[in-house]
Amino acid sequence: MRKKIVAGNWKMNNDLAETQELLSNLKMQLVKKPEAEVMVAPPFTNLHEAFKSLKDTPVIVAAQNMHQNENGAFTGEVSAKMLKSIGVETVILGHSERRAHFHETNEILAEKVNAALNNEVKVIFCFGEELKDRQSEKHFDVVAKQLKESLYHIADASWENIILAYEPVWAIGTGETASPEQAQEMHAFIRKNISEAFNENIAQEVSILYGGSVKPANASEIFAKEDVDGGLIGGASLKAVDFLEIVNAF
Ligand code: PEP
């Protein structure tokens, strides 16, 4: 049975002291073991602090990005091998902000996926259409292309290390959420697309998260949809109380 997962993407927020406060609030309010697998992705500078603080909890610490090369002259970058060496076992790849601001293409993301898998780092692979794609009814085509060009080269066995996060760009950080029906429609499409490219078993086993302005007020409705296995949460993951309400919204 596929896993339910809620992951918090902290983006470029919180210095060390603010991170310590958020971590301590999370731990304090995490009173029962959640039904979902819970992850948080702090910026690189706070990964160590998050590990230290969350070591006796079920919360998994993930990274927000990595470079596709193992080492070399890539000033400012961090590799999968480096992440793995400090205990990071999951990385977010393909976030729309990285695609938009750092020019990450489907081809670059395919290389990053390979680098992560080669280092036994699980991937939360983000993808989703822009507003113009939805308005011109190209959203299914755009999503199919993102998946095909960045992911469909992997071996069947690698799918157990992939988590998908469908994040319509028009819903990220905008307060505008896809309706539960829109999310379900796209998640069902994604599963069908994977089934055709690989097989039905892989399609049924992969967790597909929804991301885009998920809040405590709308999480239950979205998570109740058959093909939605949880969420990738940006803004609302920065407040422990809101994040945990989302974690417990199944
Ligand atoms: C995200 O950054 O992945 C995200 C979904 O952000 P938000 O929840 O703030 O829309």
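The values are calculated or read from the model by the stated rules, or taken from the named source; none is laboratory data. Here the structure is a predicted model, which means the values were calculated and not measured. Cβ atoms come from the backbone with ideal geometry, glycine included; neighbour counts cover every protein chain shown. With ligands, DNA and RNA removed, areas are computed over all heavy atoms of the protein, side chains included. Shrake-Rupley method; radii C 1.70, N 1.55, O 1.52, S 1.80 Å.
In this entry, the range 63-123 is assigned a mean projected area of 3.8 nm², taken as a quarter of its C-alpha convex hull surface.
The magnitude of the dipole of the chain, with charges of +1 and -1 set on the Cβ of Lys/Arg and Asp/Glu and taken from the Cα centre, is near 460 debye.
In the chain, the DSSP-assigned H stretches of four residues or longer account for a calculated mean residue ellipticity at 222 nm of -12000 deg cm²/dmol, using -39500 (n - 2.57) per stretch and the full residue count as denominator. The share of alpha-carbon pairs in the range 4-75 lying farther apart than 14 Å comes to 62%.
Taking every alpha-carbon pair in the range 126-179 and binning the separations at 10 Å intervals from zero gives 23, 47, 24, 7 percent. Here the chain was treated as a single set of alpha-carbon atoms; its pair distances binned every 5 Å from 0 give 1, 6, 14, 19, 21, 18, 13, 6, 2, 0 percent. Of the solvent-accessible surface of the range 151-196, computed with a 1.4 Å probe and all protein chains present, 49% belongs to carbon and sulfur. Per residue, the solvent-accessible area of the range 152-250 (1.4 Å probe, heavy atoms of protein chains only, all protein chains present) comes to 39 Å².
With 0.36 nm allotted per residue and the present C-alpha distance subtracted, the E35-K52 stretch has 3.8 nm of extension available.
Keeping the other protein chains in place, figure out the carbon and sulfur percent of the accessible area of the range 49-124, with a 1.4 Å probe. Summing carbon and sulfur atoms, their accessible area is 50 percent of the total for the range 49-124. Rolling a 1.4 Å probe over the heavy atoms of the protein chains gives the range 87-129 an accessible area of 38 Å² per residue. Straight-line cross-link reach from K27 at under 21 Å between alpha-carbon atoms covers these lysines, not counting any fewer than eight positions away in the same chain: K4, K11, K52, K55, K215, K239.
The alpha carbons of the range 85-154 stretch over 44, 24, 16 Å along the principal axes, in descending order. In percent, rounded to a whole number, the relative contact order of the chain is 22, using alpha-carbon pairs under 8 Å and six or more apart. The range 2-130: percent of C-alpha pairs farther apart than 19 Å? Tail fraction, whole percent: 50. Quick one: which residues, 5 or more positions from E104 or on another chain, have an amide H under 5 Å from its amide H? H modelled 1.01 Å from N in the peptide plane, none for Pro or chain starts. Under 5 Å from the amide H of E104 lie the amide H atoms of R99, each far enough along the sequence or on another chain. Descending by average beta-carbon neighbour count within 10 Å, the peptides 30-41, 97-108 line up as 30-41, 97-108, the highest first. The alpha carbon centroids of the range 1-34 and the range 162-194 are separated by 22 Å. Applying the Kirkwood pairwise sum to the alpha-carbon positions of the range 112-226 produces a hydrodynamic radius of 14.6 angstrom.
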